[in-house]
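Comments concern the structure below.
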Amino acid sequence: MAISGTKATEAAFGQYGSTYLTGDGAKMDFKTSGKSPKFICAITILTADTSFQTLTNHNSTRLDNACISTVDGEDEIDAEWQCATANTSNFATVITTSHTFPAGVTIYGAWSSVELNAGSCICYLAPTGKTVEV
């Protein structure tokens with residue numbers, strides 16, 4: 001789900017909402033409701049060595065918006081994007097709890113579920129444009 005124009009600018013400034021997460025198990029999960037008019041479009045890391053238990057791509061089987069993920073198979077980029085990777089399976093590296101992010105970094109993508117393993121972050125929201133299955 002790509003956003004552009006005014007919606008992208010508004011999402012960049014947090015006008016569609018944001019949530020502060022801190023500590024092991026803190027999460028934001030749009031998959032629990034079954035349908036949601038929003039998804040997580042950016043995550044700003046607030047504390048050093050923040051790591052994730054869960055990063056689930058929004059519309060997880062649609063590879064046109066593949067993002068870093070903790071789910072094996074959500075990150076295949078060669079077939080859809082005609083791109084080679086250093087990994088022989090042609091998948092990007094799956095994020096695990098051993099991957100840490102430094103404070104001040106913002107990662108962009110489209111996620112329906114984020115759960116922290118350690119640290120703190122702000123999750124920024126964007127509209128899907130309609131209520132959709134996640």
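Rank by packing, highest mean first: peptides 116-127, 95-106, 45-56, with packing defined as the count of other Cβ atoms within 10 Å averaged across residues. Write out the running numbers ahead of the final one.
Values: 116-127: 20.3, 95-106: 13.3, 45-56: 18.5.
Peptide ranking by packing, descending: 116-127, 45-56, 95-106.
Quick one: order ILE107, ILE68, ILE40 by neighbouring beta-carbon count within 10 Å, fewest to most. Spell out each step's value before the answer.
Working: ILE107 16, ILE68 19, ILE40 26.
So the residues, fewest neighbours to most, are ILE107, ILE68, ILE40.
So what are the ³J(HN,Hα) numbers for region 112-123, from phi and the Karplus equation (6.51, -1.76, 1.60; θ = phi - 60°), rounded to whole Hz, Gly and Pro as x?
Result, ordered by residue: 9, 8, 9, 9, 7, 9, 7, x, 8, 7, 10, 9 Hz.
Readers should treat all values here as calculations from the given coordinates under stated rules, not as data from a laboratory. It should be emphasised that the depicted structure is a prediction, and the values quoted were computed from it without experimental measurement. Glycine also receives a Cβ, built like all others from the backbone with ideal geometry; neighbour counts cover every protein chain displayed.
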